[in-house]
Amino acid sequence: MTTITRFEQTRIIGARALQLAFGAPALLENKKVLSPYELAKAEFDEKVIPLSVIRNLPNGQFIRIEVN
């Protein structure tokens, strides 16, 4: 199984935090007030973010990695 690099993880959390900042509904129950970044990080840790990473390979093929 292919793992997500730290750069891909940062990009996913940043994209999700931006969505939350613009009013997207949270995918986790929010028991306390969290910043969009903290909420996006918590969603990533719980693996509930519905995003995927498409990694292009040098031979022209690509790999699609689901976050959740």
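So how strong a dipole does the chain carry about its Cα centre when Lys and Arg Cβ are +1 and Asp and Glu Cβ are -1, to the nearest 20 debye? Kindly include the intermediate steps, with their values, before the conclusion.
Numbers: 9 positive and 7 negative charges, 28 e Å.
With only Lys, Arg, Asp and Glu charged at Cβ, the dipole is about 140 debye.
How large is the convex hull of the Cα atoms of the chain per residue, expressed in Å³ as a whole number?
Roughly 89 Å³ of hull volume per residue.
Considering only DSSP states other than H, G, I, E and B, which GluC sites (Glu not before Pro) in the range 1-66 qualify as loop sites with at most 10 other Cβ atoms within 10 Å?
Numbers: sites: Glu8, Glu29, Glu38, Glu43, Glu46, Glu66; in loops: Glu29.
When the GluC sites (Glu not before Pro) of the range 1-66 are filtered for loop state and at most 10 Cβ neighbours within 10 Å, Glu29 remain.
Taking trypsin sites (Lys or Arg not before Pro) as candidate sites, keep only those in a DSSP loop with at most 14 other Cβ atoms within 10 Å, then name the longest stretch of the chain containing none of them.
Values: sites that count: Lys31, Lys32, Lys47.
In short, 1-30.
Read the figures in this text as sums done on the coordinates, not as results from a lab. Just so it is clear, the model here is predicted, and its values are computed rather than measured. Glycine gets a Cβ as well: all are built from the backbone with ideal geometry, and neighbour counts include every protein chain shown.
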